[in-house]
Amino acid sequence: MNRLSVFISAFLICFLSWNYGEASKFFSLGTASTKGTYFPVGRAFCEQINRFGDEHKLRCLEYVTGGSVYNIHALMTGELDLAITRSDLAYFAYNGKNRFKGLANHGRLRTVLNLYTQPLLISVKKDSGIKSFDDFAGRSINIGNKGSGKRDIAEKIFRIMNWRNSHFSGVTEYSTTQQDRPFCGGEVDILVEAIGLPNTLYSKLVEKCDAIFIGIPPKVARGLRNVGPFFFDTTIPRFLNPSYDKPVQTVGMKVVLLTTSSKSSRSIEILARTILNNLKDFRDAHPALSGLTKKSLFFEGIRVPLHAGVQKALKVMKD
């Protein structure tokens, strides 16, 4: 074989590898427990990508994980390719601040898209006698498992309210999957959660365990907003809280899908274009996604830069 033939063969191998091999990529997506909203939304995302797998050669599989904080660390170590988390945690991780101080290569985090708005929920039983945060003293509270988003936000509330564990009769660390039994059984009086609504777990708590959502005090709302612009005022409508007589004031945050800059621009572009081209189907896949628009996906409250592949997809769509 002459030099020209060797060169052409090498070129074709590289070309085909770039065009097909790189795109034949398996994406592992970190969610949270199966009873939360992250998991079904992550599954909906992967199903949307896999529907067109024969065309673009990408595959996606959702994984149960410890939650938002865990997902970011797993993304940075290469255990995950995609990670669902909250926008506030994404911001601090990208900037290497707070609990992510010392996170290696934090500046490589990139946004794929926003998913939905997640409200802070404080749940109690209707007949518990708990009407506000003033009634929490001496009661039991669940703050969630380590590595979860709910644990992070519970710790923020504790700091804002200057609470110690001794303020409560008990402080438990049940995950989203585990917390319904002790709450319905009377072991836990108060649940702290940040989760998309509607949600099957919380529908069960409301319908079968007489759970209600109570509002957060202005002090907590201000304290969380002061953490950063990713927290914003929102309400829980009455139809989601039927045993309560009015909408509940709380704060919300965006739930985002992250990756890293090391993931190929072409593959991430394909992911973004697949969702954009089939946005109605993605919206219909889960109630939490029902309000998605191109604006909410890629432009509202982005705190971590969009991946270069996403930017290219948006440019192509615009052109």
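The values are calculated or read from the model by the stated rules, or taken from the named source; none is laboratory data. Everything numeric in this text was worked out from a predicted model, so none of it was measured. Surface accessibility is based on the protein's heavy atoms, side chains included, excluding ligands, DNA and RNA. Shrake-Rupley method; radii C 1.70, N 1.55, O 1.52, S 1.80 Å.
Numbers below:
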item: Cα extents of the stretch 60-206 along the three principal axes, largest first (Å); result: 48, 33, 22
item: Whole-Å semi-axes of the ellipsoid equivalent to the stretch 220-319 (Cα gyration tensor, √5λ, descending); result: 31, 18, 10
item: Value of [θ]222 nm, deg cm²/dmol, for the chain, DSSP H segments ≥ 4, -39500 (n - 2.57) each, nearest 500; result: -11000 deg cm²/dmol
item: Mean Cα-pair separation over length for the stretch 141-216, i.e. relative contact order, pairs under 8 Å, 6 or more apart, %; result: 38
item: For Cys209, solvent-accessible area (1.4 Å; no DNA, RNA or ligand), Å²; result: 20
item: Surface per residue (accessible, 1.4 Å probe) for the chain, Å²; result: 46
item: Cross-link reach list, aspartates and glutamates versus Lys125, counting only Cα pairs under 13 Å and skipping chain neighbours closer than eight places; result: Asp135, Asp180, Glu187, Asp189, Glu207, Asp210
item: Carbon plus sulfur fraction of accessible area for the chain, probe 1.4 Å, in percent; result: 52
item: The stretch 129-172 versus the stretch 24-49: alpha-carbon centroid distance in Å; result: 29
item: Descending principal axes extents, the chain, alpha-carbon based, whole Å; result: 86, 40, 33
item: Largest-first ellipsoid semi-axes for the stretch 207-263, taking √(5λ) over the Cα gyration tensor eigenvalues, angstrom; result: 29, 18, 9
item: C-alpha long axis of helix 308-318 to longest principal axis of the chain, angle in °; result: 80
item: Length-normalised contact order of the stretch 214-287 in % [C-alpha pairs under 8 Å, at least 6 apart]; result: 24
item: Filter on Lys35/Lys263; Lys219/Lys246; Lys97/Lys150; Lys35/Lys150 - keep pairs with C-alpha separation over 25 Å; result: Lys35/Lys263
item: Solution diffusion estimate, µm²/s, Stokes-Einstein, the stretch 152-298, Kirkwood Rh from C-alpha pairs, 10 °C, viscosity 1.306 mPa s; result: 88
item: Relative contact order (%) - criterion: Cα under 8 Å, at least six apart; region: the chain; result: 24
item: Tail weight of P(r) past 12 Å, computed on alpha-carbon pairs of the stretch 118-165, percent; result: 68
